[in-house]
Amino acid sequence: MFNGLEVVGKSDIVVEDGVIKGVGEAGGQFDVEVDARGMFVMPGMVDAHFHFGGSKGGDLVRGTLAEDSKVRLLRATTWASRIVEAGITTVRDCGEPNAIPLRQGVNEGWLKGPRIFAAGRPLSQTFGHGEFLHTVPVEWNEYFGFAEICDGREECIRGARRVLREGSDFIKIMATGGVLSQRDKPEWPQFTHEEISAIVHEAEKVGTYVAAHAHGDRGARVAVESGVKSIEHGSLLSEETLKLMAERGVVLVPTLSIQELIHKHGKQIGVNDWGLEKIGSVRENIPRVLATAKRLGITILTGTDLGFESGLEIDVGRNFMEPVLLVEVGGLTNLEALRAATSNIRKLGLNVGLIAQGQPADIVVIDGDPATHIRDLAKAKWVIKAGAVVKGS
Ligand SMILES: [Zn+2]
C-alpha cells in the first residue's frame with residue numbers, strides 16, 4: 001500500500017459510510033470485500049489541471065465555436081465516467097463553464113464521475129489568453145462565454161464576483177499569453193499587480209484562492225507577488241521566481257501531457273498553426289524548471305491540461321499519463337510522481353489523496369506496481385470513490 005506519502009507494506013483498509021475507518025489488521029464480517037492481495041493499493045489519483053470542454057480534436061476554435069455547446073456538455077458527461085474508472089477520483093477543472101453543472105451531477109449522485117473542484121470561467125484581460133481568437137470582435141469571445149474579459153481594477157473586482165456568483169470554487173486567471181490562443185506569446189505578461197491583487201482579495205474574502213496560468217517569468221512573478229496560490233504550466237520560470245514560490249508556498253502544476261501531445265501529434269489532431277509554432281520553447285524548458293523546483297522543495301501537482309479528446313495515448317480517461325510523464329520527461333522519482341498525483345493537492349486545501357483514518361475512502365487497486373513501473377498506473381482494477389465501488393467486481 002502507498003498511503004499518499006510512502007509505500008507502507010501490506011495492510012487492510014476498513015471503510016464505513018464513505019470514510020476510512022481503520023488501516024492495519026482487520027477482522028470480522030463486511031458487506032463488501034475487495035481482495036487486493038498481490039496488488040498495489042493507493043489513494044485515488046488527482047488531475048489538478050483539466051478542462052471539461054467536451055470537444056474532439058485540438059482545434060479549439062472549431063471545437064468551441066462550430067459545435068453546439070450542448071453537445072460538448074453531453075460529451076463531457078462521458079469524460080466524467082471514463083476519468084473516474086481510470087482511477088482519477090478528483091479533478092480540479094481550471095477553466096470551463098461545463099464543470100459547474102457536471103459538478104452538480106456528480107454531487108447529486110446521478111452522474112458517475114470524479115469529485116470536481118471547478119474554476120468555472122477564467123478571468124482574462126482584453127488581448128489575453130482567455131480569447132482563442134484575436135482577429136474577431138472581442139464581443140464574440142464574450143458571447144461564446146469561455147472567459148470573463150476584464151481590464152483595470154474595477155472590472156477585475158466585478159469579474160471575480162461574477163464568476164464566484166456562477167459557482168466557481170476558486171478563481172483561474174490568465175497571467176501570461178498562451179500556446180493555443182492566437183496572437184499572444186507565452187512570455188508576455190498579462191494583468192497588472194493591481195488587477196491580480198484585487199482578484200486575490202475577492203477570492204480570499206470568500207475563503208478561496210487564485211490559480212494563475214503563467215508560462216513567462218515576468219507574468220508569473222507579478223502573479224506570485226500578488227498572492228496567487230498556484231502557477232499553472234510555469235514553463236519559462238526563472239530560479240528567482242521559483243525561489244519566491246518556495247518562500248510563499250505557491251505550488252507548480254507543470255502540465256506535461258498537453259505539451260507532449262501537441263509537440264508529438266499537434267498537426268494530426270488539428271492544432272492551429274500558432275499553437276504548433278509556440279509549443280517548442282515551452283516544452284524544451286520545462287525539465288529545467290522542474291529540476292530547480294524539486295531542488296527548492298516546491299510542491300508539484302499532476303495536471304494534464306487536457307480539454308479535448310485526442311484518440312491517442314495521451315487522452316481524456318488516460319489522465320494517469322501525467323505522473324508517467326513527470327517521471328519520464330520531468331525527472332521525478334516514481335514516489336515523487338505518486339505524491340504529485342495524490343496527497344500533494346492537500347497543499348491547496350483539498351481533503352483527498354491520503355489513505356488514513358478519517359479520510360474520504362477514495363482508493364485505487366492496481367494490478368501492477370507503479371512504485372517500480374510508473375506505467376502500471378494504467379492498470380486500475382478496482383476504483384472506489386467515497387466508499388462506493390465505481391469500477392471492479
Ligand atoms: Zn489549462
Sequence ranges 383-393, 44-54, ranked by mean other-Cβ count within 10 angstrom, highest first: 44-54, 383-393
Reference-scaled alpha-carbon Rg (2.2 N^0.38 Å with N residues) for segment 1-82: 1.70
Across segment 208-218, in residue order, what do the Karplus-derived ³J(HN,Hα) couplings come to in whole Hz, using 6.51 cos²θ - 1.76 cosθ + 1.60 with θ = phi - 60° and x for Gly and Pro? 10, 9, 10, 10, 10, 5, 7, 9, x, 6, 4
Could you list, in their original order, any pairs among LYS185/LYS264; LYS10/LYS347; LYS172/LYS205; LYS21/LYS381 whose Cα atoms are separated by more than 24 Å? LYS10/LYS347
Can you bin every Cα-Cα distance in segment 212-322 into 5 Å intervals starting at zero and give me the percent of pairs per bin, rounded to whole numbers? 2, 13, 23, 22, 17, 12, 8, 2, 0
Only four residue types carry charge here, +1 at the Cβ of Lys and Arg and -1 at the Cβ of Asp and Glu. Report the dipole size of segment 24-107 about the Cα centre in Debye, rounded to the nearest 20. 440
Euclidean distance of C-alpha centroids, segment 251-273 and segment 1-61, integer Å: 28
I'd like the antiparallel share, as a percent to the nearest 5, of DSSP beta bridges with both residues in the chain. 45
Sorted from largest down, what three extents in whole angstroms do the Cα atoms of segment 1-157 have along their principal axes? 66, 34, 27
Pairwise Cα inverse-distance average, inverted: Kirkwood Rh of segment 88-194 (Å): 14.5
Based solely on its DSSP helices, what 222 nm [θ] is calculated for the chain when runs of n ≥ 4 H residues each add -39,500 (n - 2.57) and the sum is averaged over all residues, nearest 500 deg cm²/dmol? -10500 deg cm²/dmol
Rounded to one decimal in nm, the spacing of the 7 Å Cα→Cβ label points at ARG161 and ARG183 is 3.2
Apply the Karplus curve 6.51 cos²θ - 1.76 cosθ + 1.60, θ = phi - 60°, to the phi angles in segment 103-118 and return the couplings in whole Hz, x for Gly and Pro. 4, 5, x, 5, 5, 7, x, 9, 10, 6, x, x, 4, 10, 10, 10
Heavy-atom accessible area per residue of the chain, all protein chains kept, 1.4 Å probe, expressed in Å², is 40
Per residue and in Å³, how big is the convex hull formed by the alpha-carbon atoms of segment 132-245? 94
Once you charge only the Cβ atoms, +1 for Lys and Arg and -1 for Asp and Glu, what is the size of the charge dipole of the chain about its Cα centre, to the nearest 20 debye? 140
Carbon and sulfur %, accessible surface of the chain computed with the full protein complex present, 1.4 Å: 49
I need two numbers for segment 12-391: Rg to one decimal and Dmax as a whole number, Cα atoms only, in Å. 19.9, 67
Sort out for me the Cα centre separation of segment 279-296 from segment 322-393, rounded to whole Å. 23
If amide H atoms are modeled at 1.01 Å from N in the peptide plane, then the residues at a separation of 5 or more from ARG92, or on another chain, having amide H under 5 Å from its own are ASP47, ALA48, HIS49, PHE50, PHE117
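The values are calculated or read from the model by the stated rules, or taken from the named source; none is laboratory data. Source: prediction; values computed, not measured. Cβ atoms come from the backbone with ideal geometry, glycine included; neighbour counts cover every protein chain shown. Just the protein is used for accessible areas: all its heavy atoms, side chains included, with ligands, DNA and RNA removed. Shrake-Rupley method; radii C 1.70, N 1.55, O 1.52, S 1.80 Å.
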